[in-house]
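In what follows, a single structure is set out as C-alpha cells and then discussed.
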C-alpha cells in the first residue's frame, strides 16, 4: 500500500513540475521591446558597410560623433548597441557634411512625386485662377488594395481580423467614392464619423496558405489651392467650438511643452496675422528638418520633441510638429493622412489642414514643403494652402479607435494607412504581412495602369 501511495505521489509531483506554464499575459512593455528590436536591427559593422560606399575610411571616432549628434540613430537593447534599420541612408540626409559627400558623388535629381508635381502644380494653379474655385484638376483612379498575411503566421482554423484603408466620403476634394468588390462576402465599413476610414473583414487561416484580404474601389481626387493673402484672414472667434477643439493639446503627440511653447513664441514674435504666423512656422520647419526615414511611430513617446532632438522627420513627424506649433500660436490645425498616389511614386503620406477665419480649412503639406522645382512665388508656397491632385484621404486625425474595435494595440498606434491585422493570440506586426496596390488611372493617358510592388516593413 505504501508503495502504491508513493507511486501516486511521485506521479502527481512529476506532473505538476512538468506542466507547461500558462500563456504569458499581454504586456505593452514587452510588445514595445519587440518593436524596437525590429526597428533597430543593424550592427555597427553593417552600418559601416553602407557608410563606406561614400566614406571608405570611416573611423570609430566619426561614428561616435554622428551618434552624439543624433545623425546616426542607435540605442542599447538587451545590453547591445543596435542601429536603426535605415541609419546609414539617414546619416547622408541629416548630416550636412555627409549630404555634400553623397551629392558630390551622385548628384541630385527630382523624386518621382516631384516630377509629377512639376506638371500638376501649374495645372492646379492655372485652373484655380481660370475657374475661380479652389478645388480643381480631378484625377479618377481605380484601386485594388491587397493585404497578405504570411503563411502559417496564424494557426490553421483561427479567425484573422483585418482592417483595410478606404477612401473617405466626407472630404470636398475627394469625390464619387465607389465600392467595387471585396475578397470576403461579409464586410463592414466604418461609420463616416470615424476618424480612420476602414473596410473590415474576417477570414480563417488555412494551413500552408497565406491569408489574403483585398478590396477594389474607385474615387476621384482633386487638387486644391488657395491663393492666400494676409488680408484675407480675419481674427478668430476664440469662443467657437472649432477654435477651442483645434487649438487644444491632444495626447500624446500634440503637447504644449515649455520647449515647444518657447519655440512657437520665438518663431511668431511680433506677428499677429495667423497666415503670416503659419508661414513662418512652415518655412522654419522646411529649412531645418530634412526628410529622413522614420522609426515606427508607436515606439516614439512624443513625435514633435523627437523631431527637434533628432533634427529630421518624415511626413507625419514634421506635420505633427507643424500642427503643435500652430495650435500653441492660436491657429486651429489638425492631422490628415492616407496616401500620395502619384504615378510610379505612390506611398504612405501625412499632411495637415489649418483653419483661417474668412477662408476655411486649407491643406498644408509640410513634408513637401518648398518644392525644389518652384519657378515662382505661387509654386514656392503652394503647399501652404494647397495640395496636388494625387491623394487618397483615409484619416482626419491620429490615434483614434477603429471600428469594429481592435482587441490588441495597433501595429501603427498613431496613423492608420497600411492596414491592421490581429487574431485571438495577438496583434500581427508588420514583418508578418505585406501590402500591395494596383492602380488604374482612369482619366490619364500617360499612366493607364500601374501594378505597384508589394511592400513589407521589416
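The values are calculated or read from the model by the stated rules, or taken from the named source; none is laboratory data. If you're wondering where the values come from, they're calculated on a predicted model, not measured in any experiment. We place every Cβ from the backbone using ideal geometry, glycine too, and count neighbours over all the protein chains shown.
Do you know which residues across segment 383-410 are more than 22 Å from residue 138 (Cβ to Cβ) and within 12 Å of the chain's Cα centre (by Cα)?
Restricting attention to segment 383-410, the residues satisfying the condition of being more than 22 Å from residue 138 (Cβ to Cβ) are 384, 397-410.
The answer is 397, 398, 399.
Restricting attention to segment 336-347, the residues that are assigned to a strand (DSSP E or B) and surrounded by 20 or more Cβ atoms within 10 Å (Cβ to Cβ) add up to 5. Of all the residues in segment 188-212, those that are under 24 Å from residue 154 (Cβ atoms) and assigned to a loop (DSSP other than H, G, I, E, B) number 7.
Rundown of residues vs (1) surrounded by fewer than 17 Cβ atoms within 10 Å (Cβ to Cβ); (2) under 19 Å from residue 361 (Cβ atoms), yes/no style:
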| site | (1), (2) |
| --- | --- |
| 139 | no, no |
| 154 | no, no |
| 157 | yes, no |
| 195 | no, yes |
| 199 | no, no |
| 225 | no, yes |
| 228 | no, yes |
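A quick yes/no check of all residues on (1) crowded, with 17+ Cβ neighbours inside 10 Å; (2) within 23 Å of the chain's Cα centre (by Cα); (3) without any contact (Cβ under 8 Å) to a residue 12 or more places away in the chain; (4) part of a helix (DSSP H, G or I):
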| residue | (1), (2), (3), (4) |
| --- | --- |
| 256 | no, yes, no, no |
| 269 | no, no, yes, no |
| 285 | yes, yes, no, yes |
| 306 | yes, yes, yes, yes |
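Segment 26-141 holds helices (runs of 4 or more DSSP H) entirely within its bounds, and those carrying 1 or more residues that are more than 26 Å from residue 442 (Cβ to Cβ) and free of Cβ contacts under 8 Å to residues at least 12 places away in the same chain map to 28-39, 44-51, 60-68, 96-106.
Against the conditions (1) crowded, with 18+ Cβ neighbours inside 10 Å; (2) at pLDDT 95 or above, residue 273 satisfies every one except (1). Exactly one residue out of 316, 338, 386 is in contact (Cβ under 8 Å) with a residue 60 or more places away in the chain and on the phi > 0 side of the Ramachandran plot, and it is 338.
Of the residues 224, 249, the single one that is at pLDDT 95 or above, under 22 Å from residue 321 (Cβ atoms) and either outside the structural domain of residue 168 (by TED's automatic domain parsing) or touching a strand residue (DSSP E or B) at 6+ places or on another chain (Cβ under 9 Å) (or both) is 249.
Residues in segment 288-304 that are surrounded by fewer than 18 Cβ atoms within 10 Å (Cβ to Cβ) and either touching a strand residue (DSSP E or B) at 6+ places or on another chain (Cβ under 8 Å) or without any contact (Cβ under 8 Å) to a residue 24 or more places away in the chain (or both): 288 alone.
With respect to the conditions (1) in contact with a strand residue (DSSP E or B) (Cβ under 7 Å, 6 or more places away or on another chain); (2) assigned to a loop (DSSP other than H, G, I, E, B); (3) over 17 Å from residue 334 (Cα atoms), residue 405 falls short on a single one, namely (1).
Here is a yes/no grid of residues against (1) under 30 Å from residue 158 (Cβ atoms); (2) modelled with pLDDT of 95 or more; (3) crowded, with 18+ Cβ neighbours inside 10 Å:
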site	(1), (2), (3)
404	yes, yes, no
410	yes, yes, yes
426	yes, yes, no
430	yes, yes, yes
437	yes, yes, yes
441	no, yes, yes
444	no, no, no
448	no, no, no
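If I filter segment 142-181 down to residues being under 21 Å from the mean Cα position of the chain (by Cα) and either part of a loop (DSSP other than H, G, I, E, B) or not assigned by TED's automatic domain parsing to the domain that holds residue 408 (or both), which single residue comes out as nearest to residue 427 (Cα to Cα)? Only one residue tops the list, namely 166.
Looking only at segment 149-163, decide whether some residue is under 19 Å from residue 343 (Cβ atoms) and either modelled with pLDDT of 95 or more or touching a helix residue (DSSP H, G or I) at 6+ places or on another chain (Cβ under 6 Å) (or both). No, there is no match, as no residue in segment 149-163 is under 19 Å from residue 343 (Cβ atoms) and either modelled with pLDDT of 95 or more or touching a helix residue (DSSP H, G or I) at 6+ places or on another chain (Cβ under 6 Å) (or both). Restricted to segment 356-370, and to residues there that are surrounded by 18 or more Cβ atoms within 10 Å (Cβ to Cβ) and over 29 Å from residue 419 (Cα atoms), the residue that is nearest to the chain's Cα centre (by Cα) is 356.
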